[in-house]
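The values are calculated or read from the model by the stated rules, or taken from the named source; none is laboratory data. Everything quoted here is computed from the prediction, not taken from an experiment. All Cβ positions, glycine included, derive from the backbone under ideal geometry; neighbour counts span all protein chains shown.
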Amino acid sequence: MTTFRKERMGEAIRKVVCDKVARLSLVPRGMITINRVDVTPDYGVARIFYSVFGTDMPEEETQALMKVHRSEFRHEISQKLNLRRTPRVEFCFDKNTEYAFKIDSLLKQN
């Protein structure tokens, strides 16, 4: 069950992370999109779901790249948002977008 406060916090974290991703430009000739942020009920963990467009970089490599910069993202969240406790950041590759493109291409074939 999601509450309004969790949704609002997730959206605020998403905006901060989007700005940081844009400034870092982690993927050469590509783009990282932050799709959504899920926050646990105790606000201790923020799971950030992202997808990558315009590059042939494997999922594992992108995941490792995001993991390397995890502390920078958490620091940015703590600087921009006035939270009593900054949540731990976990990055998850969002396969929904990839799946949607696959379904779309299958529908266009028929």
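Pairs, please: C-beta under 6 Å, at least 6 apart or cross-chain, first residue in contact (Cβ under 8 Å) with a residue 24 or more places away in the chain and in the range 1-24, second of a type in the set (Phe, Trp, Tyr) and surrounded by 14 or more Cβ atoms within 10 Å (Cβ to Cβ)?
Val17/Phe73; Lys20/Phe73
Search the range 47-101 for residues being exposed (fewer than 15 other Cβ atoms within 10 Å of the Cβ), assigned to a loop (DSSP other than H, G, I, E, B) and among the charged types (D, E, K, R), and hand back the single one that is farthest from the chain's Cα centre (by Cα).
That would be Arg84.
Residues Val68, Val27: which one is modelled with pLDDT of 90 or more and farther than 16 Å from Ile13 by Cα?
The unique qualifying residue is Val68.
Tally time: how many residues in the range 34-46 are part of a strand (DSSP E or B), without any contact (Cβ under 8 Å) to a residue 60 or more places away in the chain and of a type outside the set (Val, Ile, Thr)?
Total satisfying the criteria: 3.
With the checklist (1) exposed (fewer than 13 other Cβ atoms within 10 Å of the Cβ); (2) touching a helix residue (DSSP H, G or I) at 6+ places or on another chain (Cβ under 6 Å); (3) aliphatic (A, V, I, L, M) in hand, flag the one item Ile32 doesn't pass.
Going through (1) exposed (fewer than 13 other Cβ atoms within 10 Å of the Cβ); (2) touching a helix residue (DSSP H, G or I) at 6+ places or on another chain (Cβ under 6 Å); (3) aliphatic (A, V, I, L, M) one by one, Ile32 breaks only (1).
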